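Chemist: Here you go, one structure.
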Amino acid sequence: MSSRTDYEVFDLGDFELSGGATLRGAHVAYKTYGTLNDSRDNAIVYPTWYSGRHWENEWLIGEGMTLDPARYFIIVPNMLGNGLSSSPSNTPPPYNGPRFPDVRVQDNVRAQHKLVTEHFGIERLVAVTGWSMGAGQTYQWAVSYPEMVPRILPFCGSAKTSRHNIVFLEGVKSALTGDCAWKHGWYDEQPWTGLRAASRVYAGWGFSQAFYWDEVYEEMGYTSLEDFLVGFWEGFFLDERDANNLLTMLWTWQHGDVGRTPGFGGDTERALASIQARAIVMPAEKDLYFPPEDNAWEVERMQNAELRVIPGVWGHFAGGGANPVDTAFIDQGLKDLLAD
C-alpha cells in the first residue's frame, strides 16, 4: 500500500499464529534510529499503533529528546496488519485480503522478539514504550519476556481491552463493512464511503468533549468543525489505509489481553502481577478509549508501577504527537524512567 520505502524487512519464515494458522513467508517491516553499541545494550523498542506506520512514531524521537538516536538504538517495528509488515493487502493467496488470519498482540510481540534477538543479537533492552495499541504491545513485552525488559512506559493504552473500548470498535467495524463496495472484503477498490464513515465514528472518540467545546482544532489549523472532520479525520483514514488491514488490526485490538499469554490461562491480574519491569503508566486525563481509572486498576496489580496522568483536553491524541505540551510531558516521563 505505502509508497514509503524508508524501512527494512525481517523475514519471519513460516510464522505460526496463536490462532493456529501459519503465515508462510511472513515478515516484519521496521526502521531503526541511532546505532547499536558494541555491547548491544542500548536498544529501545517502540511499536506502532492502530493503523500507524513507523514514521508516525518519529515525533517522540530526536536530538535533545529522551529517545535520542545519539544515545539509544531505537527499533520501531510495524504491527502485523498495518500494510508494511505482513498484512491482508500484501499477502499472496490463499491468506490474502479477508482470508488473512486473526493476529493477537502476543503474535506481534513474538515476531518483534525474533527481530530483536535473532537479527540484532540483543539479549536485554533498555525499555519498551508505545502509544495506544503500542502501549498494549509494551505491556505484552513485559509479560512475555520479563528477563529482557527492565522498564516500560505504556501511554494512552491498556493491558486488556475494555468492554467499552470493544463497543467503540464495533462502530468502526460496522462503518467499514456497511459500505456496499466492501463486498465482504473482496473489494475492487477501497470502500471509500466506509472509510469516511469510520473516520466520523472515530472523531467523537479520539479527542475529548472539552477539546471540541474549546474548539482546540483551530489551534491545529482547521477553520471549522466540518473542516476538522474532513481535513483531519477523513484525511487520516484515506491516507493509504486499507479496509482489510484496518479490520485485521481492529480484531487484534479488540482481543488484546496480557492474560492470554501462554502460562496465565486468561488471568489478566496474574499476568500483570508477573511484570518485573519498572513501569510508568501514562493515561491521558480525558481519554475516552483508555480512561485513567482503567490504568489505575492495572497499576494496583503491578509490582513496581507508577500512574502518571497526562493532563489536558486532548484525550487519546495527547499521545499522538499532536501538541508540544503533551509531547514534553511524555518525554519527561521517559527521561525519569531511564534516569535510574
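Chemist: Condition first: closer than 19 Å to Val109 by Cα and of a type outside the set (Val, Ile, Thr). Now tell me which residues in segment 57-79 satisfy that.
Modeler: Asn57, Phe73, Pro77, Asn78, Met79
Chemist: Of Leu115, Leu153, which residue is under 15 Å from Ala26 (Cα atoms), open to solvent by less than 30 Å² (accessible area, probe 1.4 Å), in contact (Cβ under 8 Å) with a residue 40 or more places away in the chain and touching a strand residue (DSSP E or B) at 6+ places or on another chain (Cβ under 8 Å)?
Modeler: Matching residue, one of Leu115, Leu153: Leu115.
Chemist: Right, next: State which residue pairs qualify: first residue at positive phi and inside segment 294-322, second residue of a type in the set (Lys, Arg) and open to solvent by 30 Å² or more (accessible area, probe 1.4 Å) in any location, beta carbons under 6 Å apart, and separation of 6 or more residues or different chains.
Modeler: Gly315/Lys286
Chemist: Any residue at all in segment 265-280 that is within 28 Å of Ala210 (Cα to Cα) and touching a strand residue (DSSP E or B) at 6+ places or on another chain (Cβ under 7 Å)?
Modeler: Narrowing segment 265-280 to residues within 28 Å of Ala210 (Cα to Cα): 280.
Checking which are touching a strand residue (DSSP E or B) at 6+ places or on another chain (Cβ under 7 Å) leaves us with 280.
There is at least one residue in segment 265-280 that is within 28 Å of Ala210 (Cα to Cα) and touching a strand residue (DSSP E or B) at 6+ places or on another chain (Cβ under 7 Å).
Chemist: Would you mind telling me which numbered condition in (1) of a type outside the set (Gly, Ala, Ser); (2) within 24 Å of Phe329 (Cα to Cα); (3) touching a residue at least 60 places away in the same chain (Cβ under 8 Å) Asp107 fails?
Modeler: So the condition that Asp107 fails would be (2).
Chemist: Is it true that some residue in segment 64-74 is without any contact (Cβ under 8 Å) to a residue 40 or more places away in the chain and either under 30 Å from Ala198 (Cα atoms) or out of contact with any Gly (no Cβ under 8 Å at 6 or more places or on another chain) (or both)?
Modeler: The answer is yes, given that some residue of segment 64-74 is without any contact (Cβ under 8 Å) to a residue 40 or more places away in the chain and either under 30 Å from Ala198 (Cα atoms) or out of contact with any Gly (no Cβ under 8 Å at 6 or more places or on another chain) (or both).
Chemist: Tell me which residues, restricted to segment 3-60, are over 19 Å from the mean Cα position of the chain (by Cα), under 24 Å from Gly333 (Cα atoms) and open to solvent by less than 50 Å² (accessible area, probe 1.4 Å).
Modeler: Within segment 3-60, Gly34, Leu36, Asn42 qualify.
Chemist: Being exposed (fewer than 13 other Cβ atoms within 10 Å of the Cβ) and on the phi < 0 side of the Ramachandran plot is the filter here; which residues of segment 198-219 pass it?
Modeler: Those that are exposed (fewer than 13 other Cβ atoms within 10 Å of the Cβ) and on the phi < 0 side of the Ramachandran plot: Gln209, Trp213, Asp214, Glu219.
Chemist: For segment 316-340, how many residues meet the condition of being open to solvent by less than 40 Å² (accessible area, probe 1.4 Å), in a helix (DSSP H, G or I) and small (Gly, Ala, Ser)?
Modeler: 3
Chemist: If we only count helices (runs of 4 or more DSSP H) wholly inside segment 181-278, which ones have 2 or more residues that are farther than 30 Å from Val325 by Cβ and without any contact (Cβ under 8 Å) to a residue 40 or more places away in the chain?
Modeler: Values: elements: 192-206, 209-213, 225-228, 243-254, 268-273.
Here the list reads 192-206, 268-273.
Chemist: Right, next: Determine if segment 267-283 includes at least one residue that is under 28 Å from Val103 (Cβ atoms), in contact with a Gly (Cβ under 6 Å, 6 or more places away or on another chain) and either small (Gly, Ala, Ser) or open to solvent by 20 Å² or more (accessible area, probe 1.4 Å) (or both).
Modeler: So far as segment 267-283 goes, yes, one or more of its residues are under 28 Å from Val103 (Cβ atoms), in contact with a Gly (Cβ under 6 Å, 6 or more places away or on another chain) and either small (Gly, Ala, Ser) or open to solvent by 20 Å² or more (accessible area, probe 1.4 Å) (or both).
Chemist: Please go through (1) modelled with pLDDT under 95; (2) touching a Cys at 6+ places or on another chain (Cβ under 7 Å) for Pro283 and return the number of the only condition it doesn't satisfy.
Modeler: All conditions pass for Pro283, except number (1).
The values are calculated or read from the model by the stated rules, or taken from the named source; none is laboratory data. Worth saying up front: this structure is predicted, and the values here are computed from it rather than measured. Note that each Cβ is placed from the backbone with ideal geometry, even for glycine, and that neighbours are counted across all protein chains shown. These accessible areas exclude ligands, DNA and RNA; they are computed on the full protein's heavy atoms, side chains included. Shrake-Rupley method; radii C 1.70, N 1.55, O 1.52, S 1.80 Å.
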